[in-house]
Amino acid sequence: LSAYVIREYRNRWYVTGYSERSEAITTFALDRILKMEILNSGYHAGDFNEKDYFKYGFGATVYSNAEPYKVELLFHESLSGYMLSKPLHASQKILNENDGLHLELECYLTPELEMTILSYAEKVKVLAPEVLKERIKKRAEALVEVYKTK
């Protein structure tokens, strides 16, 4: 790995760099690295731009060959102040504040995005895209099932 940047997300550190094995830019959690070895193959400098690479990322996950989505979320009005003072993503835009806080994000659909949305439970609704709406719906239904069993 030719390391380019080290970043933190939710108290976990990650290294992003060029992986010779996958021949692509990859991210690894530092606490999951079991063994390191210095190789004599040289450093792959590439043309990595941290700002561009992480522009549409949400959390630690970045899909370098994916297209970002326009994500629309409707937050309960009781969360408006919090969501405005602590944006979810750098791309966050207010679409309106009529029936709660209607936000738009432009990002990849990552596991961290899903976990963040689910952390607001009944105080947020995914309006778009449909694929994310369905993922969150399925996970919410699975959660209900967990609490139905003894």
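In the set (1) part of a loop (DSSP other than H, G, I, E, B); (2) loosely packed, with under 13 Cβ neighbours inside 10 Å, the condition left unmet by Glu8 is number (1). Of the candidates Leu113, Leu143, Leu132, the single residue that is farther than 19 Å from Leu79 by Cα, aliphatic (A, V, I, L, M), touching a strand residue (DSSP E or B) at 6+ places or on another chain (Cβ under 9 Å) and in a helix (DSSP H, G or I) is Leu132. Per the listing Glu20, Glu67, the residue uniquely at pLDDT below 95, open to solvent by 100 Å² or more (accessible area, probe 1.4 Å) and not polar (S, T, N, Q) is Glu67.
Checking the stated criteria, Ile38 turns out not to satisfy the condition of being of a type outside the set (Asp, Glu), part of a strand (DSSP E or B) and loosely packed, with under 13 Cβ neighbours inside 10 Å. Identify all residues within the range 95-109 that are under 13 Å from Lys70 (Cα atoms) and open to solvent by less than 60 Å² (accessible area, probe 1.4 Å); write none if there are none. Listed by number, the residues that qualify are His102, Leu103, Glu104, Leu105, Glu106, Cys107, Tyr108, Leu109. Within the range 122-150, residues that are touching a residue at least 40 places away in the same chain (Cβ under 8 Å) have Cβ atoms under 6 Å from residues that are open to solvent by 60 Å² or more (accessible area, probe 1.4 Å) in these pairs: Lys123/His76; Val126/Lys133; Pro129/Tyr69, counting only partners at least 6 apart in sequence or on another chain. Counting only residues that are touching a His at 6+ places or on another chain (Cβ under 8 Å) and within 27 Å of Phe54 (Cα to Cα), which one in the range 121-150 is surrounded by the most Cβ atoms within 10 Å (Cβ to Cβ)? Checking each candidate, the answer is Val124.
The values are calculated or read from the model by the stated rules, or taken from the named source; none is laboratory data. Remember, it's a predicted structure, so these values are computed and weren't measured experimentally. Quick reminder, even Gly has a Cβ in these numbers, built from the backbone with ideal geometry, and neighbours come from all protein chains shown. Accessible surface areas use protein heavy atoms only, side chains included; no ligands, DNA or RNA. Shrake-Rupley method; radii C 1.70, N 1.55, O 1.52, S 1.80 Å.
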